[in-house]
């Protein structure tokens, strides 16, 4: 019975795969499925001026300033980020978005940029090349997204509905279905409008965003974003809980940049209350210290 129930979840989306025999024109989102997605979108309040909107591993942070709303990252798809925008509007009672800051150029952080056409997008100067490279072979990406969706569908069939495991598989499946649809429907990607090489400061009167390039690490465009007025630092996907580094390969070509960025963090450490990673997880100051210590101890002599 449980397997049968999981099979009908988002059945209209599953129609887009060739093995189903359905055409993409038949894809619709059932009201019941839509309600399930909405029920799993969570809003975490950081403080009176900032919130995180999560759908599983998808995360967008919104910060209210006198000039308008600033977003940190924009999610994996326009389909989901359009929903996040509604949540943010309901929370802040306003809809004027002035900036989006991408922590790096991976698709699950930039695909929703275009949902905010009036906002200027900030990112490191490597973002544009990184994004272009990722999308250079759309057919290969479509196959990859399709395979990922199939894998999560199998997990759903083996899970009990509405348990932690089932919800995790469901949100992941929907994230990649949404990414697939954006690509399949040729939804354009909004590239960064403003880029920088080393560091940049964005001052909005009552809120300041200090940005620094970390160097090639998880991606080729990783930046840190520090907001002193709310005592928060955004670390993208540089590390996870317990300060575990997210190094994408064995290259250590940018050790000098890493050490400069670590020094930059340490100088601000006493005014950091919350650490937020690229998927909406609120990490502790201890996680941040473990990460800086890990990098310093391992690479300071190189």
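See the values below:
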read-out	value
Condition check for residue 195: outside any loop (DSSP other than H, G, I, E, B) and touching a strand residue (DSSP E or B) at 6+ places or on another chain (Cβ under 9 Å)	yes
Enumeration of residues in segment 155-174 that are in contact with a helix residue (DSSP H, G or I) (Cβ under 6 Å, 6 or more places away or on another chain), in a loop (DSSP other than H, G, I, E, B) and closer than 21 Å to residue 54 by Cα	161
Qualifying residue in segment 209-225 (condition: surrounded by fewer than 17 Cβ atoms within 10 Å (Cβ to Cβ) and in contact with a helix residue (DSSP H, G or I) (Cβ under 8 Å, 6 or more places away or on another chain))	no
Selection count where residues are more than 18 Å from residue 76 (Cα to Cα) and in contact (Cβ under 8 Å) with a residue 40 or more places away in the chain, scope segment 93-107	1
Residues within segment 167-182 that are over 17 Å from the mean Cα position of the chain (by Cα) and surrounded by fewer than 20 Cβ atoms within 10 Å (Cβ to Cβ), tallied	2
Members of segment 95-129 that are surrounded by fewer than 22 Cβ atoms within 10 Å (Cβ to Cβ) and out of contact with any helix residue (DSSP H, G or I) (no Cβ under 9 Å at 6 or more places or on another chain)	96, 98, 117, 118, 120, 125, 126, 128, 129
Any pair with Cβ under 7 angstrom, 6 or more apart, that starts in segment 144-168 at a residue that is free of Cβ contacts under 8 Å to residues at least 12 places away in the same chain and ends at one that is crowded, with 17+ Cβ neighbours inside 10 Å	165/159
Listing of strands (runs of 3 or more DSSP E) fully contained in segment 21-95 that carry 1 or more residues being under 21 Å from the mean Cα position of the chain (by Cα) and modelled with pLDDT under 95	41-47
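So that you can scan it fast, the table gives a plain yes or no per residue for (1) assigned by TED's automatic domain parsing to the domain that holds residue 78; (2) within 18 Å of residue 185 (Cα to Cα); (3) in a helix (DSSP H, G or I):
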{"site": "118", "(1), (2), (3)": "yes, no, no"}
{"site": "123", "(1), (2), (3)": "yes, no, no"}
{"site": "143", "(1), (2), (3)": "no, yes, yes"}
{"site": "146", "(1), (2), (3)": "no, yes, yes"}
{"site": "149", "(1), (2), (3)": "no, yes, yes"}
{"site": "153", "(1), (2), (3)": "no, no, yes"}
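Residues are listed down the side, and each one gets a yes or a no for (1) buried (at least 16 other Cβ atoms within 10 Å of the Cβ); (2) touching a strand residue (DSSP E or B) at 6+ places or on another chain (Cβ under 9 Å); (3) more than 16 Å from residue 208 (Cβ to Cβ); (4) without any contact (Cβ under 8 Å) to a residue 24 or more places away in the chain:
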| residue | (1), (2), (3), (4) |
| --- | --- |
| 233 | yes, yes, no, no |
| 259 | yes, no, yes, no |
| 266 | no, no, yes, no |
| 270 | no, no, yes, yes |
| 277 | yes, yes, yes, no |
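Quick grid of which residues meet (1) under 20 Å from residue 203 (Cα atoms); (2) buried (at least 17 other Cβ atoms within 10 Å of the Cβ); (3) out of contact with any helix residue (DSSP H, G or I) (no Cβ under 7 Å at 6 or more places or on another chain):
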{"site": "37", "(1), (2), (3)": "no, yes, no"}
{"site": "44", "(1), (2), (3)": "no, no, yes"}
{"site": "56", "(1), (2), (3)": "no, yes, no"}
{"site": "66", "(1), (2), (3)": "yes, no, yes"}
{"site": "69", "(1), (2), (3)": "yes, yes, no"}
{"site": "77", "(1), (2), (3)": "no, yes, no"}
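The values are calculated or read from the model by the stated rules, or taken from the named source; none is laboratory data. Only a predicted model underlies this, so the values are computations on that prediction, with no experimental measurement involved. Note: ideal-geometry Cβ built from the backbone for every residue, glycine included; neighbour counts use all protein chains shown.
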